[in-house]
1. Taking the simple approach of a point 7 Å from Cα along Cα-to-Cβ for both A:Ala95 and A:Tyr46, what is their distance in nm?
2. Can you work out D for segment A:1-45 in µm² s⁻¹ from Stokes-Einstein, where Rh is the Kirkwood radius over C-alpha pairs, the temperature is 37 °C and the viscosity is 0.692 mPa s?
3. Within segment B:13-87, what whole-number % of the accessible surface is contributed by carbon and sulfur, with the 1.4 Å probe and all protein chains included in the calculation?
4. Taking the solvent-accessible surface of protein heavy atoms with a 1.4 Å probe, what is the per residue accessible area of segment A:43-132 in Å²?
5. Expressed as a whole percentage, what fraction of the accessible surface of chain A belongs to carbon and sulfur atoms when a 1.4 Å probe is rolled over the protein heavy atoms?
6. What fraction of the Cα pairs in segment B:1-40, stated in percent, has a spacing above 11 angstrom?
7. With a probe of 1.4 Å, find how much accessible area chain B has per residue, and write the answer as a whole number in Å².
8. Along Cα→Cβ, 7 Å out, is where each label goes; now give me the distance between the ones at B:Leu111 and B:Val126 in nm to one decimal.
Amino acid sequence: MDFLYKPWPWYVAGPIIGLSVPALLLLGNKKLGVSSTLRQICAACYPGNLSFLQYDWKKDSWNLFMVAGILIGGFLGGVVFANPEPVALAPATVAWLREQGLHQFDGLLPGELFQWQALFSLRGFLLMVVGGFMVGFGTRYARGCTSGHGIMGLSALQWPSLVATASFFGGGILFSYFVLPYILAL
Amino acid sequence: MKNLLYLTVGIVFGLALTKGEAISWFRIQEMFHFQSFHMYGIFMTAVPTGALSLWLLQKFHAKSADGQPIDAPHKPYHHGVIFGGLIFGFGWALTGACPGPLYAQVGAGYLVTLVTFASALAGTWVYARVYAYLPD
């Protein structure tokens, strides 16, 4: 039981994440991909008159069950079997974040940044609202995310997925180094 | 019945993302600053696991439970993998969440990330509205 409460090392979490690829293929020749579920939900809830959202989303409803599972998995891992200790971050990361004015290092997300009142500050608005928008817009533009390109596409040795994954990381690295400090200082 | 199996795959996937701390905003910043091997270790074990499984399934002409031959996805190149990829990367650095963790962060009890999630839906919807005008 202790194992469930402790965070899992990379060599446990990584292979389990990778095994979702053969699990979905064996169940129904399905390709791992999470960002397409955002399109699915848009198509189901508010397609408007947009051709991009007018398709038979029910045909691919398997992935909505999968993401419902991810939500449950998050509840199990983050609430039921929550790690009581703070994330064991590299000291250099903690030092850098302290320099940016952060004080709280417990939990998976910094509570001082990700909270309801913060939504009404420019900083919180940029982190959650603008950030979330970019995740949804960018992944659809790239036709895949860390799972669809980064895991499934790379597993299938698709070079465009390597370009996509390099762009995800390149964008994130540039942003975290050069832009995030200004946002955290707001 | 089958959908329950997809749900189960999602539960295990979400649990591994969460217990592996891949949904942690802190871990994402640590990764982007190359200050720990942890997140890279997850990728460098997840991808070979997926690649080896796919290779074996194809080598032995495995069929899925519903009798379909298992095939690999084809991901053709388009410029969106760069433009969209960079935009997503910026958003990833802000939210600490790629789409899988968007769901897992909500499940893990960080209810304010429902806003992040709703905003990602809005981003997808706006893409659907404007994609014809974007370079692809």
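The values are calculated or read from the model by the stated rules, or taken from the named source; none is laboratory data. Quick caveat, the model's predicted, so the values are computed rather than measured. Glycine gets a Cβ as well: all are built from the backbone with ideal geometry, and neighbour counts include every protein chain shown. With ligands, DNA and RNA removed, areas are computed over all heavy atoms of the protein, side chains included. Shrake-Rupley method; radii C 1.70, N 1.55, O 1.52, S 1.80 Å.
1. Modelled inter-label distance: 4.6 nm.
2. 254
3. Of all accessible area on segment B:13-87, carbon and sulfur atoms account for 69 percent.
4. 51
5. Carbon-and-sulfur percentage of accessible area, whole number: 68.
6. Within segment B:1-40, distances greater than 11 Å cover 65 percent of Cα pairs.
7. Accessible surface, normalised per residue, equals 39 Å².
8. Label at B:Leu111, label at B:Val126, 2.7 nm between them.
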